[in-house]
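K.L.:
Sending over a structure as structure tokens; questions will come in a sec.
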Amino acid sequence: MTVVWVFPGQGSQKIGMAKQIENLPNAKERFSFASEIFERNLFEICEIDSETINPLNDLNNTINTQICLFLVESILLDALKGKGFKPNYVAGHSLGEITALYCADVFSFEDCVSLIKVRSQLMVNAGKGSMAALIGFDRDQLDFLVNQVDDVVIANDNSSSQVVLSGSDQALDKLSKEISCKRFLKLNVSGAFHSTFMNEPSSKFSEYLKKIEFKSASFPVISNYKPSLCSDPNELKIRLEKQMCNGVRWRETMDLMAKDSDLHIVEIGPSNVLSGLGKRHLKDVKISQVSSSDQISY
């Protein structure tokens, strides 16, 4: 059986998710280390819905979301490794790609924390454009309209029935009036992520990544920018550099996984976002989830 570990990105965070893993090895130490780097009590942010008190300390703030998700996912995956579990290859959705690279020993935990701080700040400060989720649509019509309407792209190609678009508010509003779909929902985000609107922050992120040493992956990684198996450190760095201003090709990632006839997908993270996509998009595939300290097995 081929086992794939997958790691979700923003949108899978949950209040209380740190409590679910606090008794795992190194959990408190890792939250403490990252809290010093971010100058915020990240464990508390995971536990308290503080939006009405201080939006900067809300779990849904991108700066907090990304690092908190990484901490939870990295603690869970290392607990699995500690019990002797390991995947044949890994993949992550957006932020989850960084967790996947950490899982494959491409770079250290400390490098990840610093890298995520830079990435999340760049994304929060992008300040251009918006995003919208689109559910239940005709793919041909969507592709046609995306090609016809300026300033809009498919940012997250999640499955055959769900995508997230990035673009200007005007372009998204125009497309929403022209496409037939079950649901079109504007997202509360600070920019048009995974699109050309992110070219400037992506360029700055690329400069930062030059300082990070990428090692050969201990098992292959599927990247968002180019969904194919890769272990080469130089290629993995190029793919991560291009991720911020290009779409997340998750539908193609699942199709690549499906080429294994005996496949087991294990989602490692606080919720079942990727599991849900897999169950709807794939057939005859075993899917498990690891999200808490009482579930370190599959």
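All of the numbers you see were taken from the coordinates with simple rules; none came from a lab. These numbers come from a predicted model, not from an experiment. Reconstructed Cβ throughout: ideal geometry from the backbone, glycine too, with neighbour counts over all protein chains shown.
K.L.:
Using only Cα atoms, what is the ratio of the radius of gyration of segment 70-113 to 2.2 N^0.38 Å? Don't skip to the answer; put the middle values down first.
P.N.:
Details: Rg = 9.8 Å, N = 44, 2.2 N^0.38 = 9.3 Å.
For segment 70-113, the normalised Cα radius of gyration comes out at 1.05.
K.L.:
Report the longest stretch of the chain that contains none of the GluC sites (Glu not before Pro) sitting in a DSSP loop with at most 13 other Cβ atoms within 10 Å.
P.N.:
Details: sites that count: 39, 51, 213.
My reading of the result: 52-212 is the longest stretch.
K.L.:
In addition: Per the Debye formula with a single identical scatterer at each Cα and no solvent contribution, what log10 I(q)/I(0) holds for segment 172-260 at q = 0.25, 0.26 Å⁻¹?
P.N.:
Listed by q, the Debye log ratios stand at -1.23, -1.26.
K.L.:
Same structure, new question: In what order do 239, 139, 119 fall by count of nearby beta-carbon atoms within 10 Å, going from fewest to most? All intermediate terms of the calculation are to be shown ahead of the outcome.
P.N.:
Numbers: 239 22, 139 12, 119 25.
By the 10 Å Cβ count, ascending: 139, 239, 119.
K.L.:
Write down the Kirkwood hydrodynamic radius of segment 130-187, to one decimal in angstroms, obtained as one divided by the mean of 1/r over all alpha carbon pairs. Display every interim value, and only then the final one.
P.N.:
Numbers: mean 1/r = 0.0923 Å⁻¹.
Its Kirkwood hydrodynamic radius stands at 10.8 Å.
K.L.:
Identify which of 69, 24, 236 has the largest mean-square fluctuation in a Gaussian network model of the chain, with springs joining Cα atoms closer than 10 Å.
P.N.:
Comparing 69, 24, 236 in a Gaussian network model of the chain, the most mobile one is 24.
K.L.:
Further, regarding this structure: What shape does segment 140-298 take by its C-alpha gyration tensor, where a ≥ b ≥ c are the square roots of the eigenvalues and a/c under 1.5 counts as rounded, a/b above b/c as prolate, and the rest as oblate?
P.N.:
Details: a/c = 1.90, a/b = 1.20, b/c = 1.59.
Judged from the Cα gyration tensor, segment 140-298 comes out oblate (a/c at least 1.5, b/c at or above a/b).
K.L.:
Hey, could you get me the Stokes-Einstein D for segment 188-239, Kirkwood radius over alpha-carbon pairs, 25 °C and 0.890 mPa s, rounded to whole µm² s⁻¹?
P.N.:
196
K.L.:
Comparing 181, 46, 245, which has the greatest mean-square fluctuation in the GNM of the chain with Cα pairs linked when under 10 Å apart?
P.N.:
In this elastic network of the chain, the residue with the biggest mean-square fluctuation among 181, 46, 245 is 181.
K.L.:
With only alpha-carbon pairs counted, each pair once and no self-pairs, how large is the Kirkwood hydrodynamic radius of segment 259-298 in angstroms?
P.N.:
Working: mean 1/r = 0.0932 Å⁻¹.
After inverting the pairwise mean of 1/r, the radius is 10.7 Å.
K.L.:
Bin all alpha-carbon pair distances of segment 98-201 at 10 Å intervals from 0 and give each bin's fraction as a whole percent.
P.N.:
With a bin width of 10 Å, the distribution comes to 15, 39, 27, 16, 3.
K.L.:
Quick one: grab Rg to one decimal and Dmax as a whole number for segment 214-298, Cα atoms only, in Å.
P.N.:
Considering segment 214-298 through its Cα atoms, Rg and Dmax are 14.1, 38 Å.
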